[in-house]
Amino acid sequence: MCASRNRTGVDVPVITVDGPSGSGKGTISQCLAEKLGWHHLDSGALYRLLAYAALQQAVPLDDEEALVQLAGQLSKSYQLPTSEQPAIMLDGKDVGLDLRTETCAAAASRTAALPAVRQALLAWQRHYRQSPGLIADGRDMGTTVFPDATLKLYLTARAEVRAERRYNQLKHKGINVDLGVLVKEVEARDLRDSSRKASPLMPADDAVILDNSDQDEALTLQQVLQAVHEAL
Ligand code: DC
């Protein structure tokens, strides 16, 4: 392993965890970050933050120039979770729950398709590469943001399975939704994320692909830890 002391830079190791929503990459990434004692970047939260701020300020979701300007302002006023401060803060307010809504997710998927928006968020994301290491989860971590990552994982599952996971999460929170509608939403978001021109959702050529449709989280974590063990 090529870890360095207290600095930001390309010699700090990165493990990327990409995949569609509901593939379990968030949970797996958090577990990995805790086990290794590394930083964790939830890049989707950055896209959601920008979309949330755009909705709040009535910035049109297709106005690239205005969104890039908004990203510049946001970069000074947000805070992603750390082990000391676990909330996602925007202008001093905890916006964690606001970012998890389907409205915000759909808006994030639209703004994320704009090349200038992706470019604007690139430097933010690379800033998280700090010693002793980074677990970066998202859609294009292995293909675009950290192409030199030590290990690239791509987690996936069938759309119906991912929609059902989301359905169970919402039901658990007392929110009633139609499973059929959720499947359609998941498929629409997959299509938008994977068919866009700028950094589409896809595994890097050198990614380890794990389909967890028919297995539980414990087994996926075991497979991921095995891949990490072999790579570091
Ligand atoms: O992972 P998530 O559901 O929080 O992501 C929200 C949206 O942001 C998703 O629809 C696609 C976009 N996104 C992206 O395009 N690239 C990333 N690296 C992370 C998220």
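Laboratory data are not the source of any read-out in this text; all were calculated from the coordinates shown. These figures come from a predicted structure and were not determined experimentally. In this analysis, Cβ positions are derived from the backbone assuming ideal geometry, glycine residues included, and neighbour counts consider all displayed protein chains.
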Residues with amide H under 5 Å from that of HIS40, placed H, sequence gap 5 or more: ILE135
Would you mind calculating the gained length between ASP148 and LEU232 on full extension (0.36 nm times residue separation, minus the Cα-Cα distance), in nm to one decimal? 28.9 nm
Is the stretch 79-151 rounded, prolate or oblate when judged by the Cα gyration tensor, a ≥ b ≥ c being the square roots of its eigenvalues, rounded requiring a/c under 1.5 and prolate requiring a/b larger than b/c? oblate
How large is ³J(HN,Hα), in whole Hz, for each residue of the stretch 32-41 in order, when computed from phi with the Karplus curve 6.51 cos²θ - 1.76 cosθ + 1.60 and θ = phi - 60°, using x for Gly and Pro? 4, 4, 5, 4, 8, x, 9, 6, 10, 10
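Using only DSSP helix segments of four residues or longer, with each worth -39500 (n - 2.57), what per-residue ellipticity at 222 nm results for the chain after dividing by its residue count and rounding to 500?
Details: 9 runs with 110 residues, N = 232.
My calculation for the chain gives -15000 deg cm²/dmol from helical runs alone.
Suppose R0 equals 22 Å; then what is the FRET efficiency for ASP94 and HIS172 from their Cβ-Cβ distance, rounded to the nearest 0.05? All intermediate terms of the calculation are to be shown ahead of the outcome.
Details: r = 21 Å, r/R0 = 0.95.
Working from the Cβ atoms, E equals 0.60.
For ALA159, what charge total do you get from the other residues with a beta carbon under 9 Å from its beta carbon, if Lys and Arg give +1 and Asp and Glu give -1?
Details: positive: ARG158, ARG162; negative: GLU160, GLU187, ASP190.
That works out to -1.
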In the chain, with Lys and Arg counted as +1 and Asp and Glu as -1 at Cβ, which of these residues, LEU201, VAL95, VAL12, has the Cα nearest the positive end of the dipole, that is, farthest along it? VAL95
Listed residues TYR167, TYR47, TYR128, most fluctuating in the chain (Gaussian network, C-alpha, under 10 Å): TYR167
Segments 98-111, 18-31, 75-88 sorted - mean Cβ within 10 Å per residue, highest first: 18-31, 98-111, 75-88
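Once the other residues with Cβ under 15 Å from the Cβ of PHE146 are scored (Lys, Arg +1; Asp, Glu -1), what is the net sum? Kindly include the intermediate steps, with their values, before the conclusion.
On the way: positive: LYS25, ARG118, ARG126, ARG129, ARG139, LYS152; negative: ASP11, ASP18, ASP42, ASP137, ASP140, ASP148, ASP205, ASP206.
That sum, taken over residues with Cβ under 15 Å, equals -2.
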Please report, in debye to the nearest 20, how large the charge dipole of the chain is about its Cα centre when each Lys and Arg carries +1 at its beta carbon and each Asp and Glu carries -1 there. 340
Please list, in order along the stretch 66-81, the HN-Hα scalar couplings obtained from phi with the Karplus expression 6.51 cos²θ - 1.76 cosθ + 1.60 (θ = phi - 60°), rounded to whole Hz, x for Gly and Pro. 5, 5, 5, 4, 4, 4, x, 5, 4, 4, 9, 10, 10, 9, 7, x
Rounded to the nearest 0.05, what FRET efficiency do MET202 and ASP62 give with R0 = 30 Å and r taken as the Cβ-Cβ distance? Could you check? 0.80
Which FRET efficiency value, to the nearest 0.05, is calculated for SER195 and LYS76 with the Förster distance at 35 angstrom and r the Cβ-Cβ distance? 0.60
Taking only C-alpha pairs under 8 Å that are 6+ residues apart, what is the relative contact order of the chain in percent? 32
Under the Karplus relation 6.51 cos²θ - 1.76 cosθ + 1.60, θ = phi - 60°, what is the ordered set of whole-Hz ³J(HN,Hα) values for the stretch 127-142, x standing for Gly and Pro? 4, 6, 6, 10, 4, x, x, 9, 9, 10, 10, x, 10, 10, 5, x
